[in-house]
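Only one structure is covered here, and it is reproduced in the block below.
The values are calculated or read from the model by the stated rules, or taken from the named source; none is laboratory data. All values derive from a computational prediction rather than experimental measurement. For neighbour counting, all protein chains shown are included, and Cβ atoms are generated from backbone atoms with ideal geometry for every residue, glycine included. Just so you know, the surface numbers come from the protein's heavy atoms only, side chains and all, with ligands and any DNA or RNA stripped out. Shrake-Rupley method; radii C 1.70, N 1.55, O 1.52, S 1.80 Å.
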Amino acid sequence: MIDAPSPNHDARPDGAPIDTLVLHYTGMQSGEAALARLRDPEAKVSSHYLVEEDGRVFALVPEARRAWHAGLSFWRGHASLNDRSIGIEIVNPGHEWGYRDFPPAQTATVIALCRDILRRHPIPPRNVVAHSDIAPERKQDPGERFPWAALAAAGIGLWPGEAPEEARALPTLAVGDEGPGVASLRRTLGRIGYRVAAEGAFDRSLALAVTAFQRHWAQHRTDGVADGETRWRIGRVAGLAEGRVRSAQTRQAEARGA
């Protein structure tokens with residue numbers, strides 16, 4: 001852990017819980033540039049931690065303070081997620097500068113850091129989210145190359161597992177569609193935590209929420225088209241989030257206990 005204090009923070013609201021963990025990519029050409037920006041008082045942005053590609057971790061803002069990483073955001077009925085979250089910036093050039101896989105050393109460090117944070121704060125798995133989940137109309141990070149499944153296998157967040165073959169036979173839903181399938185899609189995304197209108201045809205706003213979901217939990221496509229596999233995964237994540245479905249990790253732990 002390398003101390004690199006940022007001035008870009010303030011007090012959390014009185015009584016605000018720390019119950020959300022938000023993962024970002026830096027989206028800049030180098031880690032050095034990202035670190036400089038996160039510490040620049042003129043930029044007015046920061047996170048609690050920055051993880052370099054070689055696994056170095058920079059501590060920027062104390063967890064008790066509000067870092068300025070989430071911006072306009074929403075998750076599970078709460079807006080302004082800076083108030084209640086811890087933010088981790090992960091060095092990657094992102095979609096604008098040559099998006100690439102996250103190196104193993106970096107991923108291992110992110111896992112270790114997340115585990116430490118989860119030991120200190122009561123953050124439920126359903127609240128380990130991407131920047132794109134809480135701001136789907138503005139953000140893409142950390143994106144579809146981020147190894148969410150590896151984090152879930154380490155006990156961090158949720159992962160739906162492999163979709164059964166029959167899931168692929170579910171009808172595809174896309175912009176312009178209407179009917180019970182679209183209504184169900186809206187309800188289920190809302191149960192997961194996304195801000196989606198309760199009613200209406202499949203519009204651009206819903207497509208952006210589906211795209212955000214795909215970047216996190218259905219990485220086989222990221223176009224906002226809800227094919228059968230995406231629809232199955234949406235239902236599966238909602239079930240995991242609500243405790244109606246047990247994860248593979250839970251089943252394995254139970255088997256070991258037996």
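Structure notes:
- When segment 11-39 is limited to residues that are in a helix (DSSP H, G or I) and not charged (D, E, K, R), the one that is farthest from Arg145 (Cα to Cα) turns out to be Ala36.
- Residue check for Val57: out of contact with any His (no Cβ under 8 Å at 6 or more places or on another chain) and either open to solvent by less than 20 Å² (accessible area, probe 1.4 Å) or modelled with pLDDT under 95 (or both): yes
- Residue pairs meeting the criteria (Cβ under 6 Å; at least 6 apart or on separate chains; first closer than 16 Å to Ser46 by Cα, in segment 2-19; second of a type in the set (Phe, Trp, Tyr) and open to solvent by 30 Å² or more (accessible area, probe 1.4 Å)): Asn8/Trp68
- Taken over segment 171-193, the criterion of being of a type in the set (Gly, Ala, Ser) and outside any loop (DSSP other than H, G, I, E, B) is satisfied by Gly181, Ala183, Ser184, Gly190.
- Considering segment 83-156, there are no qualifying helices (runs of 4 or more DSSP H) wholly inside with 1 or more residues that are at pLDDT 95 or above, on the phi > 0 side of the Ramachandran plot and in contact with a Leu (Cβ under 7 Å, 6 or more places away or on another chain).
- Hits in segment 88-129 - residues which are open to solvent by 40 Å² or more (accessible area, probe 1.4 Å) and among the aromatic types (Phe, Trp, Tyr): Trp97
- Among (1) more than 30 Å from Ala238 (Cβ to Cβ); (2) crowded, with 22+ Cβ neighbours inside 10 Å, the one test that Ser85 misses: (1)
- In segment 159-217, residue most open to solvent (accessible area, probe 1.4 Å) [restricted to those that are among the hydroxyl-bearing types (Ser, Thr, Tyr) and over 15 Å from the mean Cα position of the chain (by Cα)]: Thr172
- For segment 28-46, a residue qualifies if it is polar (S, T, N, Q) and crowded, with 20+ Cβ neighbours inside 10 Å, and exactly one does: Ser46.
- Test: residue in segment 117-137 that is under 20 Å from Ile234 (Cα atoms) and among the acidic types (Asp, Glu): yes
- Here Leu72 meets each of (1) within 26 Å of Val196 (Cα to Cα); (2) open to solvent by less than 30 Å² (accessible area, probe 1.4 Å); (3) not in a helix (DSSP H, G or I) with one exception, condition (2).
- Filter result for Ala201 (outside any loop (DSSP other than H, G, I, E, B) and either touching a residue at least 60 places away in the same chain (Cβ under 8 Å) or of a type outside the set (Ser, Thr, Tyr) (or both)): no
- Any chance Val196 is part of a helix (DSSP H, G or I) and either modelled with pLDDT of 95 or more or farther than 21 Å from Leu21 by Cα (or both): no
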